[in-house]
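To keep things clear, I will list the structure first and then write my remarks on it.
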Amino acid sequence: MGRLFLTTPIYYVNDLPHIGHAYTTVIADAVARWHRLRGDEVFFLTGTDEHGLKVQRAAEANGLSPSEHADRTAARFLETWKLLDIAYDDFIRTTEPRHHQSVQAFLQRIYDGGDIEPDTYEGLYCVACEGYYNESELGPGLTCPIHGRPVEHMSEQNYFFRLSRYQQPLLDWYAAHPDAVQPESKRNEALGIIRQGLDDVSITRTSLDWGVRVPWDPAHVFYVWFDALINYATAIGYGEKPDRFDAWWPAVHHIIGKDILRFHCVYWPAMCLAAGIDPPARISVHGYLLVGGEKMSKTRLNQIHPADLVADFGVDGFRHHFLRDAPFGPDGDFSYEGMVARYNSDLANNLGNLQARVATVVDRKCGGVGPAPRADSPLAEVVAAAHAHADDAWRRVAPSEALEATWRIVRETNSLLEAAEPWRAEPGPEVDAVLGDALEALRVVSILASPAVPYAAAEIWRRLGLEGRPEDQRLPDAVRWGGYPGGLQVIRGDPLFPRKQD
Ligand SMILES: [Zn+2]
């Protein structure tokens, strides 16, 4: 039994939820579900980032107050996560009093330690990022590397975090914690940024009100990023509940996209060191989810909203696609055609077909009563290997690999049935043996696949005649071969995943 504090980024309420947000969140949710199956103590956090200039401007443009604007968008995220069956333990909003209190305590601590000081800053600033860039980081014509739009020259008097003092401490910390950032390519990217040399960063603004007040100088509010990162500390009681904080920190695992790598792998660990706490233990960084080869953005009008795809593929079809289709780490390219192909091959033709054919043959040949599996079934070894591989892959945040391993059971079971052809045979011990094996394989798959396809997993479980729910089972005992008792009434039901036209 372990303990896992797992987080998604908190999403900026300037955007409505799209499949990029859903991609990260479904991965985190599935990893959390896997750890719950293992019996680990899990605290899974998501939420919304609600401060900053962009929110203030967007609210003004819509004739709303910033808090009304934030309320409306946060509600859309909550609805989306409900739709996608995201089983978070806490949803944090940065406008909550608990967060203001925690941000003030955290940054006061750094200020008291001498690493936040007043200064004048002049630099190249991307309004969309709300961040400064070095000239070397910009694209052609001094454009933002993320937004591709020209940056602006800015000069202001505010408070700075002395990030420059943390170059060596960060390098030392990463040398001592070689697995802290994964995959390797993203760790190298983080180290590259640190080795280039770190400039101090301006962390307050006087030009807007929509943020957390600086406790020692209330004319300033904290710049949105520095307030946002602290949400991870707020949610576990930073400054309020030291015992709770110590129980969960630093064994935190952040799941993020590569666009926020600099903030999470450089700024945030340095802030933690400056505040006298350990940096986060693990950060898993995925690539972009591209649409037609391009990053999704509001300005490109290529954002896809999860509800549109759920209408066509169901919640399980949606979740399975984004977990299974692209490996975690590199950029992945989304296409509707690819989603149809994945749905048909994995869900309709493999898992759905297996459940349907087994239930049909049990109905015809065994009077609808499921036989018990063989102790020496050839599938026993397949199941043991798949479980071991899936466990390793989920713990490394490699969901596509974990599901590939799980689906090996489905494919091997379909092969076993095709070789034995119990639908042609006379009822008897041979038919019982192969059907018992197939029922047991389905039982195991419904547990192992439940982090990805929770509704179908529960429905397969129910149709096998089993009590309870797959997500309440505990690994590894629950997937030891032979758990299906036999003698249960098997339900046929409608197709779990009706095939899509391609
Ligand atoms: Zn930008």
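Observations
- DSSP beta bridges fully contained in segment 1-69 are about 0 percent antiparallel.
- Local charge for residue 182 was computed over the other residues whose Cβ lies under 15 Å away, with Lys and Arg +1 and Asp and Glu -1, and equals +1.
- For the chain, cysteines whose Cβ has no other cysteine Cβ within reach (under 4.7 Å): 265, 272, 366
- Note on segment 336-489: Rg/Rh from C-alpha atoms, Kirkwood Rh, equals 0.95.
- In segment 1-95 the Cα-Cα distances spread across 5 Å bins starting at 0 as 3, 14, 24, 20, 15, 11, 7, 4, 2, 1, 0 percent of all pairs.
- Sorted on the mean count of surrounding Cβ atoms within 10 Å across their residues, most packed first, peptides 110-123, 389-402 read 389-402, 110-123.
- Residue-normalised convex hull volume from the C-alpha trace of the chain: 148 Å³ per residue.
- Only Lys, Arg, Asp and Glu carry charge here, each on its Cβ (+1 for the first two, -1 for the last two); on that basis segment 103-148 has a dipole of about 180 debye about its Cα centre.
- Kirkwood radius and radius of gyration were both taken over the C-alpha atoms of segment 255-397, and their ratio Rg/Rh is 1.12.
- Projecting the Cα atoms of 320, 247, 287 onto the dipole axis of segment 232-325, where Lys and Arg carry +1 and Asp and Glu carry -1 at the beta carbon, places 287 farthest toward the positive end.
- Lys/Arg +1, Asp/Glu -1 at C-beta; the chain dipole; positive extreme among 31, 488, 145: 488
- For the chain, calculated [θ]222 nm from helices alone, where every DSSP H run of n ≥ 4 adds -39500 (n - 2.57): -13500 deg cm²/dmol
- Put a dot 7 Å past the Cα of residue 40, heading toward its Cβ, do the same for residue 501, and the two dots end up 4.4 nm apart.
- Given +1 at the Cβ of Lys and Arg, -1 at the Cβ of Asp and Glu and no other charges, the dipole of the chain around its Cα centre is 780 debye to the nearest 20.
- Around residue 349: net Lys/Arg minus Asp/Glu count, Cβ-Cβ under 12 Å: +3
- Student exercise, segment 336-489 dipole from Lys, Arg, Asp, Glu Cβ charges, in Debye to nearest 20: 260
- As a calculated quantity, the FRET efficiency between residue 127 and residue 381 at R0 = 51 Å, using C-beta atoms, amounts to about 0.30.
- Each other residue within a Cβ distance under 14 Å of residue 112 adds +1 if Lys or Arg and -1 if Asp or Glu, for a net charge of -1.
- Between segment 49-85 and segment 231-270, the alpha-carbon centres lie 23 Å apart.
- Farthest toward positive dipole pole in the chain [+1 Lys/Arg, -1 Asp/Glu at C-beta], among 78, 56, 192: 78
We did not get these values from a lab; they are worked out from the coordinates using the rules stated. Just so it is clear, the structure is predicted and the values come from calculations on it, not from any experiment. Reconstructed Cβ throughout: ideal geometry from the backbone, glycine too, with neighbour counts over all protein chains shown.
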